[in-house]
Structure formats: C-alpha cells, structure tokens
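Heads up: the structure comes next, in structure tokens.
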Amino acid sequence: MPFVRGITECLMAGGRAICRGGSGMADEQLRFYSTQAWKKTRAAYKKSKGGLCERCLKAGIIRAGEFVHHKIHLDATNIHDPNVTLSFDNLCLLCRDCHAAEHSNKRYVVDANGYVHGR
Ligand SMILES: [Zn+2]
Ligand SMILES: [Zn+2]
C-alpha cells in the first residue's frame, strides 16, 4: 500500500473519507492533490488567509492553519470541476482540531494525526 507523505489537505472520495495511504484511496483524488494547479491554489489560499485557521480566528484565537479543507467534499462527480476543486469560495483553512470537528460525524472519524477515515 503506498504511503503518501505530506498530504495535509482534506482527502475525500465518493462520499467516503480517505486518509493518506489509506485503503480505498481513489486514483483520481490522488492525481488531483498532486497537480500543480492544486498545489498553487492551496499555497495561494493559505497565504491569503495569513496561514491562520479561519474557524479559530472567528473565535478570536490565533492558530496556524494546517489543512486546506474543501467545503463541498470532492467526489467523482466534481473532481474535474475547477469551480469546486480550485475555487477559493470552496476552501477553508483549518487547524487540526477544527478540521477534525468538520469531519467528526456519523460518517467519518478523525485519527490522532488529523487524518480523516471513513467509519
Ligand atoms: Zn476536510
Ligand atoms: Zn482552528
């Protein structure tokens, strides 16, 4: 099973959460996260937010953002739609805790490293 280092963005596939190196990691998602377009967008977005977690900031807490989260989770139907995958409107810079909170529900569980898994 391939182990993908350094992926800190939200990895979601087909309504099923995937984590780095996790089973069921969809090739298309992996390809997307390795594109220059995404890397540039992610870096530009992070910079535009000053590198701070947006949720914490709203609560008056200054904390480094670690995960660029897609508000509309990526799946097979939207992975090729730049309005979803690369639009700043669909992105959110979050710290590990806030990202975990975004995904902690009936369908997902977040591990100690902040990576999202399907239940
Ligand atoms: Zn996420
Ligand atoms: Zn936060």
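The values are calculated or read from the model by the stated rules, or taken from the named source; none is laboratory data. Everything quoted here is computed from the prediction, not taken from an experiment. Note that we place each Cβ from the backbone using ideal geometry, even for glycine, and neighbour counts take in every protein chain shown.
In table form, for the structure just shown:
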quantity: Residue selected from region 62-91 under the condition part of a loop (DSSP other than H, G, I, E, B) and among the hydrophobic types (A, V, I, L, M, F, W, C), by the criterion nearest to residue 102 (Cα to Cα); calculated: 72
quantity: Search result, residues across region 33-61 that are part of a loop (DSSP other than H, G, I, E, B), at negative phi and out of contact with any helix residue (DSSP H, G or I) (no Cβ under 7 Å at 6 or more places or on another chain); calculated: 34, 35, 49, 59, 61
quantity: Residue 67 vs. criteria in contact (Cβ under 8 Å) with a residue 40 or more places away in the chain, in contact with a Gly (Cβ under 9 Å, 6 or more places away or on another chain) and of a type in the set (A, V, I, L, M, F, W, C); calculated: yes
quantity: Residue 49 vs. criteria away from ligand 1 (no atom under 13 Å from the Cβ) and either at pLDDT 85 or above or touching a strand residue (DSSP E or B) at 6+ places or on another chain (Cβ under 8 Å) (or both); calculated: yes
quantity: Count - residues of region 45-91 that are of a type in the set (Gly, Ala, Ser), surrounded by fewer than 13 Cβ atoms within 10 Å (Cβ to Cβ) and farther than 18 Å from residue 29 by Cα; calculated: 5
